[in-house]
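In what follows, a structure is listed as structure tokens, so that the remarks can point back to it.
The values are calculated or read from the model by the stated rules, or taken from the named source; none is laboratory data. The structure displayed is predicted, hence computed values, not measured ones. All Cβ positions, glycine included, derive from the backbone under ideal geometry; neighbour counts span all protein chains shown. We work out accessible area using only protein heavy atoms, side chains counted, and drop any ligands, DNA or RNA first. Shrake-Rupley method; radii C 1.70, N 1.55, O 1.52, S 1.80 Å.
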Amino acid sequence: MDTNIRDKKPFHILLIALIFCILINGAVWFSLRDVRAKWANVPPTPSAASAALSTLGDRQFAYRMTTLFLQNLGDTGGRVTNLREYNYIDLGKWFDLTFALDPYSNAAPTVAGYVYGANQNTSELGPIIDYLEKAGSVMKPQKWRWQLHAIFLARHRMKDYDRALDIANKLANRDEEGLPAFTKQAPAFVMNVKGDKQAALMMMTNLLKSEGENLPPSEVNNIIAYICEQILSPEEAQMHDLCTPMR
């Protein structure tokens, strides 16, 4: 009889310990059930060497991991973060990191321009514009599109016409074959909306004189239409020689 009691004693101790653990677990759950993890915003940016070290020296892998991180930043664990809540200065540092890891890929510029560029708080878009300008400065086919996207964000979203004009001048002076004709016209578009209509008119007429013979007729007609309908007032267009065929 005593032997049976002694055999059951460890079992009773374990049962009591289990019940005690369940009660503690329930108490902790009830006290913390309304507590949610708080997002600490954009984390500090590692160096390119540190980022590559985390992928055993594979910079391409590090680039893809960093871009995926930026694509999903703030939207994990059932959380959706408004673009207004991000620290865009720190985001710019992360995008600079992607550029250091791989300046040729379009993955990170796509995330920067089409995800974070949609922030309704347009005053914070400066770091994104700076990064897109840098990404577009690489002399590779189609990279000029990121400079154009930077111009769009500066001109239409931020209304920073000086910044847009600076990038537009760099795009217009880009030494690359096969660029669309409108890249040469980009500064005039910004000048016009900025109010520098005489400068815009001079640039467009000079472009016609210097490049008109090399442009397709449709592009020449587009330039003339822009001069007569967007830059000049109706009264000025009536007096301008270029607009004579459009009367």
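Name the residue, out of G78, G74, G113, G117, that is open to solvent by less than 10 Å² (accessible area, probe 1.4 Å) and either farther than 28 Å from V190 by Cβ or not in a helix (DSSP H, G or I) (or both). Spell out how you get there, then give the answer.
On the way: G78 fails: open to solvent by less than 10 Å² (accessible area, probe 1.4 Å); G113 fails: either farther than 28 Å from V190 by Cβ or not in a helix (DSSP H, G or I) (or both); G117 fails: either farther than 28 Å from V190 by Cβ or not in a helix (DSSP H, G or I) (or both).
So the residue among G78, G74, G113, G117 that is open to solvent by less than 10 Å² (accessible area, probe 1.4 Å) and either farther than 28 Å from V190 by Cβ or not in a helix (DSSP H, G or I) (or both) is G74.
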Original post:
Looking at the stretch 197-239, which of its residues are surrounded by 14 or more Cβ atoms within 10 Å (Cβ to Cβ), charged (D, E, K, R) and over 32 Å from the mean Cα position of the chain (by Cα)?
Top reply: E211, E236
Subject >> the stretch 215-239: number of residues that are in a helix (DSSP H, G or I) and within 15 Å of T183 (Cα to Cα) >> reply: 5
Original post:
Pairs, please: C-beta under 7 Å, at least 6 apart or cross-chain, first residue over 20 Å from M158 (Cβ atoms) and in the stretch 99-118, second assigned to a helix (DSSP H, G or I) and open to solvent by 50 Å² or more (accessible area, probe 1.4 Å)?
Top reply: F99/K134; L101/R59; D102/R59; D102/Q60
Subject >> Answer from F95, F99 - the residue that is touching a Lys or Arg at 6+ places or on another chain (Cβ under 8 Å), of a type outside the set (S, T, N, Q), under 23 Å from I167 (Cβ atoms) and surrounded by 11 or more Cβ atoms within 10 Å (Cβ to Cβ) >> reply: F99
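Scan S137, S105 and give me the residue that is within 28 Å of V80 (Cα to Cα) and within 16 Å of the chain's Cα centre (by Cα).
On the way: S137 fails: within 28 Å of V80 (Cα to Cα).
Of S137, S105, the one residue that is within 28 Å of V80 (Cα to Cα) and within 16 Å of the chain's Cα centre (by Cα) is S105.
I'd like to know if the stretch 122-136 contains one or more residues that are open to solvent by 10 Å² or more (accessible area, probe 1.4 Å) and under 17 Å from A172 (Cα atoms). If you could, list the steps in order and put the result at the bottom.
So the first thing to find is which residues in the stretch 122-136 are open to solvent by 10 Å² or more (accessible area, probe 1.4 Å), and the list is 122-124, 126-127, 130, 133-134.
Filter again for under 17 Å from A172 (Cα atoms), leaving 133-134.
Yes, the stretch 122-136 contains at least one residue that is open to solvent by 10 Å² or more (accessible area, probe 1.4 Å) and under 17 Å from A172 (Cα atoms).
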Original post:
Just checking, which of L148, L242, L171, L153 is in contact with a Leu (Cβ under 7 Å, 6 or more places away or on another chain) and either open to solvent by 40 Å² or more (accessible area, probe 1.4 Å) or not in a helix (DSSP H, G or I) (or both)?
Top reply: L148
Original post:
Within the stretch 61-71, can you find the residues that are surrounded by fewer than 16 Cβ atoms within 10 Å (Cβ to Cβ) and within 20 Å of the chain's Cα centre (by Cα)?
Top reply: M65, L68, F69, Q71
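Mind listing whichever residues of the stretch 40-60 are more than 13 Å from D102 (Cα to Cα), surrounded by fewer than 18 Cβ atoms within 10 Å (Cβ to Cβ) and not small (G, A, S)? Outline the logic, then answer.
Residues of the stretch 40-60 that are more than 13 Å from D102 (Cα to Cα), as a first pass: 40-47, 50, 53-57.
Now restrict to residues that are surrounded by fewer than 18 Cβ atoms within 10 Å (Cβ to Cβ): 40-41, 43-47, 50, 53-57.
Passing the criteria: N41, P43, P44, T45, P46, L53, T55, L56.
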